[in-house]
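*Asks:* This structure is in structure tokens; I'll ask about it shortly.
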Amino acid sequence: MAGEEGVGEAAIDDGAGAGAGAGAGTGAATGVGEGAGAAAGSAHWSEAYPSLVGHPTVTKFEDPGKMAESYVELETKIGQKGVIVPKEGASEAEMDTFHASLGRPQDSTAYFAGWKPPEGLPWDTSMQDAMGKTFHKLGLTTAQAAGVRDTYAEAQSRTYKDMQSAVATAGQDSMAKLQEIHGDSLPAKIDIANRAGEWFMGSPEAWAELMNKPFADGTNLGNSQPWIAAAIERGGDMAEAKVFGMGETRILTKSPQDAQAELNSLKIDKGFMAALTNNEHVEHKQAYERWTALFQQLHPEGPA
């Protein structure tokens, strides 16, 4: 019995040892498994996709689910259709689609629809059409184009007003200088100069167009003191009663009212009256012929 007990104890001991050994073995196996799992966990999930390996946008997400959530949120912000930026060399159709998605109007005329240039500013409609086509080609929205259009128009308006002011100032300065020279007879002399100019140019309209022809600084011939002075001189020569041209002698006609006004101004022109009343004066003949011509136009029916 003692031997059996010894055998039994040995068996028990062996069993315990085996159990312990098995437990230890199991523990060792578990330890190895956990080590292998830790090694596998150190690799980023994106390494399973060669095209994504090392991409900074992908590596910041812990797992594919996180990246999917981020994409859905981004898609919501962009909008259902999204905006695709064309690559270099994109076709015209692709560029049209892109510009339309950003808000470009369908037609270039939309940029000026209902718009009017600043009051008083001469505006070239052909230039407006060209601007609209350029805006459209560049893909501008109506708001962007309006900013460019209004800025340009306002700058042009300021420049035009400055030029108009310069013209007015130049005209006033010219008239002041001429007034000093000719005194009260200036209006009548300017009238004669204009009549002579109209005859020379063929019509009042042609003469007015010449006088309003602008210089680079915005002034014109009609505001040029030297030009007006020359016109007065030539007009006076022509209005001595006779204008010669093409073998025909013509008279610069005036209405009785205009003739009377000129006679009144000549009466107070000391230089003219000195020539008219002095037979020995070098300009007596011209003064007399001019006075006579005006008197005849004042009384076309002849002396009463």
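*Asks:* A 22 angstrom limit on the alpha carbon distance is what I want to check against. Which of K137/K161; K177/K285; K133/K161; K161/K189; K116/K161; K177/K270 exceed it?
*Replies:* Over 22 Å Cα-Cα: K137/K161; K177/K285; K133/K161; K161/K189.
*Asks:* At a 1.4 Å probe radius, which order do S255, S265 fall into by accessible area, largest first?
*Replies:* So the residues, ranked largest to smallest area, are S255, S265.
*Asks:* Gain in length, T134 to N278, computed as 0.36 nm per residue apart minus the alpha-carbon separation, to one decimal in nm?
*Replies:* 44.5 nm
*Asks:* Rounded to two decimals, what ratio of Rg to Rh does segment 170-220 give with C-alpha atoms and a Kirkwood Rh?
*Replies:* Rg divided by Rh gives 1.03.
*Asks:* Return the FRET efficiency for the residue pair S165, L74: r is the Cβ-Cβ distance, R0 is 45 Å, and the value is rounded to the nearest 0.05.
*Replies:* The pair S165/L74 has a calculated efficiency of 0.20.
*Asks:* Ranked from highest to lowest mean number of other Cβ atoms within 10 Å per residue, what is the order of the peptides 187-200, 163-176, 281-294, 110-123?
*Replies:* 187-200, 281-294, 163-176, 110-123
The values are calculated or read from the model by the stated rules, or taken from the named source; none is laboratory data. Keep in mind the model is a prediction, meaning the values are calculated, not measured. Heads up, the Cβs are rebuilt from the backbone with ideal geometry, glycines too, and the neighbour counts pull from every protein chain shown. To get the accessible areas, we keep the full protein, side chains included, count just its heavy atoms, and leave off ligands, DNA and RNA. Shrake-Rupley method; radii C 1.70, N 1.55, O 1.52, S 1.80 Å.
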